[in-house]
1. Scan the stretch 34-56 for residues that are surrounded by 13 or more Cβ atoms within 10 Å (Cβ to Cβ) and either touching a Ser or Thr at 6+ places or on another chain (Cβ under 8 Å) or free of Cβ contacts under 8 Å to residues at least 12 places away in the same chain (or both) and report the count.
2. Kindly indicate whether I26 is under 28 Å from F164 (Cβ atoms), among the aliphatic types (A, V, I, L, M) and out of contact with any Ser or Thr (no Cβ under 6 Å at 6 or more places or on another chain).
3. Scan K46, K79 and give me the residue that is more than 20 Å from G143 (Cα to Cα) and either charged (D, E, K, R) or touching a strand residue (DSSP E or B) at 6+ places or on another chain (Cβ under 8 Å) (or both).
4. List the residue pairs whose Cβ atoms are under 7 Å apart, where the first residue sits in the stretch 137-159 and is modelled with pLDDT under 90, the second is of a type outside the set (S, T, Y) and not in a helix (DSSP H, G or I), and the two are 6 or more positions apart or on different chains.
5. Report yes if R65 is closer than 26 Å to T165 by Cα and of a type in the set (D, E, K, R), otherwise no.
6. Of the conditions (1) at pLDDT 85 or above; (2) under 15 Å from the mean Cα position of the chain (by Cα); (3) within 23 Å of S9 (Cα to Cα), V191 fails just one. Which one is it?
7. One residue is enough: does the stretch 62-69 have a residue meeting the conditions more than 14 Å from the chain's Cα centre (by Cα), buried (at least 18 other Cβ atoms within 10 Å of the Cβ) and more than 30 Å from K123 (Cα to Cα)?
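The values are calculated or read from the model by the stated rules, or taken from the named source; none is laboratory data. Everything numeric in this text was worked out from a predicted model, so none of it was measured. Cβ: placed from backbone, ideal geometry, glycine included. Neighbour counts: every protein chain shown.
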Amino acid sequence: MTEPRSLSSDEIWQNILAEHEHDLKIPKGVIWSLRDEPDHWTFFIKAHALIESALTMVLIAQDKRLADVLEALPLSHTKYGKVTTARAMGILDQEDVAFVEIVQRVRNILVHDIRNVAFDFKKYFASLTAKQRRQIADVLTYGFKGSPTTPETMEDNISRHPVFTIWSGLIRFIPTVTGRLPGKTWPKEIVLEWEEHEPLVKDHPEGP
C-alpha cells in the first residue's frame, strides 16, 4: 500500500490561503498567484484591492446595519478611514496599520499618474534616502515574524525580491483580518504554521 504523499510547503500555503480566499469570496489561487506577479504596478493595485476588500468585509460583519456607511469610508483617512476604524475596534494593531500604509503609499503613487504603469519598486526603493529605506525595511519585517532577520537583511531582500517580500506581509495581513469574521478563530496558530514552512527570501527566484 502506497503511503500518502507529504504536502510540499507550497501546497500547504495554497491550502491555507484557499480557506481565506473562500472567506473573501474570491477565486481560489488569487492570493497565491500574486507571489510571482512580474509586473509591480499590477501587484500593488491588486494587493491594495485585497486589503481594502478584506477590511471592508470584516468591518461590515461587526454590524451589518452600518454596511453603507462603512463601504463609503476611505481606506486610510486618519480620523474616519477604514484602517482607523478597524484599529479602534481592535481588528488591527499598529504593525498591521504600518504594513497597510506602505502598500497604500505606493498604490497612491501609481494611480495618480498613468506614466507609472511601468513602475519598478526596486528602482523606487533605491531612490529613497537611507532613512526612508530603513523605515520601510523595519515595517516589512511584518511578513517574516519568527524568521531571523536584520534591517540590513530586509533591505537586501526588498531590493532583490520586492514582490515576494511584500506578498509575505499580505499573507499575514489577510488571515489576521479574516480571523475577525464571525465564527472564525483568531489565526495565531495559522500564522505560526506559515512561518514554520516559510522559504527564505534569498532562495526565492524573482527576476534578475
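1. 3
2. Yes: the conditions hold for I26.
3. Working: K46 fails: more than 20 Å from G143 (Cα to Cα).
From the options K46, K79, the qualifying one is K79.
4. Within 7 Å, the pairs are S147/E198.
5. Spelling it out, it is not the case that R65 is closer than 26 Å to T165 by Cα and of a type in the set (D, E, K, R).
6. (1)
7. To start, the set of residues in the stretch 62-69 that are more than 14 Å from the chain's Cα centre (by Cα) comprises 62-69.
With buried (at least 18 other Cβ atoms within 10 Å of the Cβ) added as a condition, the list becomes none.
Checking the stretch 62-69: not a single residue is more than 14 Å from the chain's Cα centre (by Cα), buried (at least 18 other Cβ atoms within 10 Å of the Cβ) and more than 30 Å from K123 (Cα to Cα).
Conditions (1) of a type in the set (F, W, Y); (2) touching a strand residue (DSSP E or B) at 6+ places or on another chain (Cβ under 8 Å); (3) modelled with pLDDT of 95 or more, marked per residue:
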position	(1), (2), (3)
A88	no, no, no
F99	yes, no, yes
V103	no, no, yes
I109	no, no, no
H112	no, no, no
N116	no, no, no
D120	no, no, yes
Q132	no, no, yes
